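The values are calculated or read from the model by the stated rules, or taken from the named source; none is laboratory data. Quantities reported herein were computed from a predicted structural model and do not represent experimental measurements. Glycine also receives a Cβ, built like all others from the backbone with ideal geometry; neighbour counts cover every protein chain displayed.
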Amino acid sequence: MGCDIGYVTFTEESYARFRARLADCIRTLGHVVRHPRFGAEPLTLGAELEVSLVGESGCPASLNAAVSEALHDDRLTLEVARFNLEANLRPVLLEGRPFTAMATQAALLLARITAWSLPRHGVRVAPIGTLPTLTPADLTAEALTPLPRYHVLEQAWARRRPTPFTLRVAEGDRGSLQVESVAVQGAACSWQIHLTVPPDRFCRTFNAAQLATGPALAAAGNSALPLGRSGWQEARIPLYEHGFGDRSSAEGGSSQPQPQPRPRPRVGFGRGWLRGGPLAAFEEAVHRYDVLLPAHSQDQTDGGDQTDGGHPAAPYPPLAELQIHLSTVWSWNRPVYDPLGHLRIEFRALPSGPTPLDMAANTAFLVGLTVFLAAEGRDVARDLPFACAKANFYRAARDGLDASLWWPSPGSAPREHRAGALVKELLPQAREGLALAAVDADEADALLDLLHHRVATGRTGAWWQQRAHEVLRRGELTVRYARLAEEASPVHTWNLPDLPLWSQ
């Protein structure tokens, strides 16, 4: 979703022209999704894995450009901060053994990075939601990766809110700090899953994804020490949201600061269930959020030649302005248009790490549950108020497996459940959803059983970090975490340190 742009200076005319083309994109998309062949392909899964690079002390290592240049792997891209990398996995069919294929890809890429960077620079990969060793000094403008997109984003953001601004990362007196740059995004690393969805099933599948995200996040917490402070089980969630609060008016539409700004986060869970088909998801992102980066494409967005009763013909129009705009609206579940001929749901809530196997298990549960909840024409919007699903999301991020989550109860009002118990109850539904997607039974059983053991023991990545921090300094904890992640055993099997490493 990150689009490359050049170094440019935006004017009021730039914003006006971009908004006009964005409106054209929405109109064209309405025709595209009704094309008889659009979305008529097997379901696929893709993923983006964001990681941090750490040195021998566990502190961030600004080495992403050197690693990318040395490895010459087009799956690796430079993320916002110099110590971040993103691995874009090749899509796989949602059948057979897709999660093992994704885990294998991720493991091989992480191993390649470490094999090059460790002997030369003493640098390891840390697939973790928030790096415990980060400090505010690591998140200044100097930390930005030197790519035009990030510096233009920095300039655009500065026009929309005063700097420095307060970032809330944890509870208590030490829970806030002052930051000044979008480099703060580098403090939040995710495992982002892409699921292709046919247009006629998009609405109910998107709603199912929203509901499934709460229990999946509760079982996947891996961001407990934001900038070294004790935080939520998945503290990456509030960190990211507070770091991207938009101070402009939604209606003002100006590139200049508003006289009396009010916060409007460009990150969030949403305002209600999706209704009215796939176009509604894109329209909300366009109509609710003003343009942040009015970068223009030379490609036409009007759909080109028309066939089949006025529907745009394949190859489908790029709708570049729509893609650029959506890349600056960071919803936790985000709609994606792909001109190759499909729509996707991008699940953005799961954290990076701890291991590829853990991430595969998280994905199997989230995707399987989503497929089950949307099967046979079901729409969870009929079963649970949206406010309950939204509350689930933030409760899961805060309290993990101890969270109290709402869930539909057939024949009666929704009931609250402890998240750990709820996940166990939902595992058979996730398994059934995977069977509906033609995932091999042994693949589903192995990964969902792994998740069962994690939930039964309570040993998430966040739990391990909190317990290890009782005896280890932040740097030693981070190095030990990175080494254990390299060994690839799932996090619920990791041993806790008895003594600090420096005394062993």
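Does LEU177 qualify as being surrounded by fewer than 22 Cβ atoms within 10 Å (Cβ to Cβ) and over 30 Å from ARG418 (Cβ atoms)?
So LEU177 passes the test.
Got a number for residues in segment 27-43 being β-branched (Val, Ile, Thr) and either in a loop (DSSP other than H, G, I, E, B) or farther than 20 Å from HIS194 by Cβ (or both)?
Counting residues in segment 27-43 that are β-branched (Val, Ile, Thr) and either in a loop (DSSP other than H, G, I, E, B) or farther than 20 Å from HIS194 by Cβ (or both) gives 2.
Residue-by-condition table, conditions (1) in contact with a Ser or Thr (Cβ under 6 Å, 6 or more places away or on another chain); (2) buried (at least 16 other Cβ atoms within 10 Å of the Cβ); (3) farther than 26 Å from ASP383 by Cα:
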position: ALA421; (1), (2), (3): no, no, no
position: GLU425; (1), (2), (3): no, no, no
position: ALA441; (1), (2), (3): no, no, yes
position: ASP449; (1), (2), (3): no, no, yes
position: GLY461; (1), (2), (3): no, yes, yes
position: VAL471; (1), (2), (3): no, no, yes
position: ALA485; (1), (2), (3): yes, yes, yes
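Hey, could you check segment 131-147 for residues that are within 22 Å of the chain's Cα centre (by Cα) and within 19 Å of ALA66 (Cα to Cα) and say which is surrounded by the fewest Cβ atoms within 10 Å (Cβ to Cβ)?
LEU147
Which of the residues that make up segment 202-243 are at pLDDT below 85 and surrounded by fewer than 20 Cβ atoms within 10 Å (Cβ to Cβ)?
Scanning segment 202-243 gives a single hit, HIS242.
Could we say that ALA349 is modelled with pLDDT of 95 or more, among the aliphatic types (A, V, I, L, M) and not in a loop (DSSP other than H, G, I, E, B) here?
On the way: modelled with pLDDT of 95 or more: yes; among the aliphatic types (A, V, I, L, M): yes; not in a loop (DSSP other than H, G, I, E, B): no.
Spelling it out, it is not the case that ALA349 is modelled with pLDDT of 95 or more, among the aliphatic types (A, V, I, L, M) and not in a loop (DSSP other than H, G, I, E, B).
Kindly state which strands (runs of 3 or more DSSP E) lie completely within segment 129-225 and contain at least 2 residues that are in contact with a helix residue (DSSP H, G or I) (Cβ under 9 Å, 6 or more places away or on another chain) and either closer than 23 Å to ASN362 by Cα or among the small types (Gly, Ala, Ser) (or both).
Result: 191-197.
Any idea which of (1) surrounded by fewer than 14 Cβ atoms within 10 Å (Cβ to Cβ); (2) modelled with pLDDT of 85 or more; (3) aliphatic (A, V, I, L, M) is the one LEU292 doesn't satisfy?
Going through the list (1) surrounded by fewer than 14 Cβ atoms within 10 Å (Cβ to Cβ); (2) modelled with pLDDT of 85 or more; (3) aliphatic (A, V, I, L, M), LEU292 breaks only (1).
Within segment 381-401, which residues are assigned to a helix (DSSP H, G or I) and aliphatic (A, V, I, L, M)?
Within segment 381-401, ALA381, ALA387, ALA389, ALA391, ALA396, ALA397, LEU401 qualify.
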